[in-house]
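Just so it is clear, none of the values below were taken in a lab; they were calculated from the coordinates. The shown structure was predicted, so the numbers you read here are calculated from the model rather than taken from an experiment. Note that we place each Cβ from the backbone using ideal geometry, even for glycine, and neighbour counts take in every protein chain shown.
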Amino acid sequence: MIKKLKTMSRLFVLGTGFLGCLASSAAIAEDKVIFKVADIFPTTHYILLEGTQKWMDKAVELSNGRIEFQYFPAQQLGKAKDIMSLTSAGVADIGVIIPAYVPEKLPLSAAGELPGMFNTACSGSQALADLTKPGGILYEQEFKPQGFHVLYTNMLAPYTVMTSEKELNSYKDLAGLKLYASGDAKHETLTKLGATPIRLSGPEIFEAVQRGTLDGAMLAYIGLPPYSLDELMKYGLTGVNLGSTTVTYGMTSKKWNSLDKEIQDALTEAAAFAGNALCSYSDRMNSEALEALKGGGAKIHVIEGEEAAALNKELEPVITNWTSVLEERGKPAKEVIEQFRSAVSKYE
């Protein structure tokens, strides 16, 4: 009888230990937070490899594995212009939000896409991060009213123009050319210079240039290889920032507020880490991409001195007009420009 009781006691201890392990495993499973991420960039794009992927990896690390990402690249969950709405609807937990594609929702957030707003990807990106965090003017004026919390931001390296057949010996040679450009700010810049801006998706640019439907593109030099455009471009300009593209990743404020502090802190700290990594990579590789083009025989005209001064003066109305149009709609565009420039000056 005593032996039987001892056996039952052992079984009870083993059983409770087993149940404890099950309970612990269940708690870990319930404690895991899974985020479905909707993106537009292909898996070979440097924004993913040097930025977004590092952000996700770092967030997983900082959360001790509690965070898990399900990543959908290359517009698998929807077109670029629709991802903000799809994220609001819960199709994705986190979505890439590019203000140039949703100007009706985020007109002020395209301020960094105006010509001459910054000189390096890092100064532009860090300024954008300041203005889109809680308390920042872009967050308070646009993202918060749209019900969004900004997680991670980036300004792409300064844009210029490259062409496949038309030689560029001055910025005035842009007149009459058909050039790819994304976003209203960059369209206005090219129009002011006498060019015709054409809006296409990234993968469509190569074929359009190859066929001659486009004369070239308004991009950063680092933006050429992801779409194989470095194989086509023979001429280019450098020395002046003609614009850029604002890239943000966000989730709904409701989703953000539902997360515990550990998860919020992991996402935030990972964003700062990845943002610095991506902008540093962008600045370095933009210079290397330019040198690679020149090494391959491309002719690059440097805008400097009196020509640079003349170009900047010619483009001043682009910023003035952008500001005036939004001010007439009751938007504090002038203040956004001032705060963006002030933030840039801290980092340059």
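The GNM of the chain, with springs linking C-alpha atoms under 10 angstrom apart, assigns the highest mean-square fluctuation among Thr87, Thr320, Thr252 to Thr320. Angle of helix 121-132 to the longest C-alpha principal axis of the chain, folded into 0 to 90 degrees and rounded to 10: 60°. Compute the helix-to-body angle for 202-211: its Cα long axis versus the longest principal axis of the chain, expressed 0 to 90° and rounded to tens. Approximately 30 degrees, to the nearest ten.
Over the chain, dividing the summed -39,500 (n - 2.57) contributions of all DSSP H runs of at least 4 residues by the number of residues returns a 222 nm mean residue ellipticity of -15000 deg cm²/dmol.
If you line up the long axis of helix 305-328 against the longest principal axis of the chain, both from Cα atoms, how many degrees apart are they, to the nearest 10? In the chain, helix 305-328 runs at an angle near 60 degrees to the longest axis. For segment 174-210 versus segment 136-166, the spacing of their alpha-carbon centroids is 18 Å. A simple packing score, the average count of other Cβ atoms within 10 Å per residue, orders the peptides 183-189, 210-216, 150-156 as 150-156, 183-189, 210-216, with the highest score first.
Could you tell me what percent of the DSSP beta bridges with both partners in the chain are antiparallel, to the nearest 5? If we restrict to bridges inside the chain, about 50 percent are antiparallel. Packing, as the average of other Cβ atoms within 10 Å across residues, places the peptides 262-271, 306-315 in the order 262-271, 306-315, highest first.
Please work out whether the chain counts as rounded, prolate or oblate from its C-alpha gyration tensor, where a ≥ b ≥ c are the square roots of the eigenvalues and a/c under 1.5 means rounded, while otherwise a/b larger than b/c means prolate and anything else oblate?
Values: a/c = 2.80, a/b = 2.11, b/c = 1.33.
Prolate is the answer for the chain, as a/c is 1.5 or above and a/b outweighs b/c.
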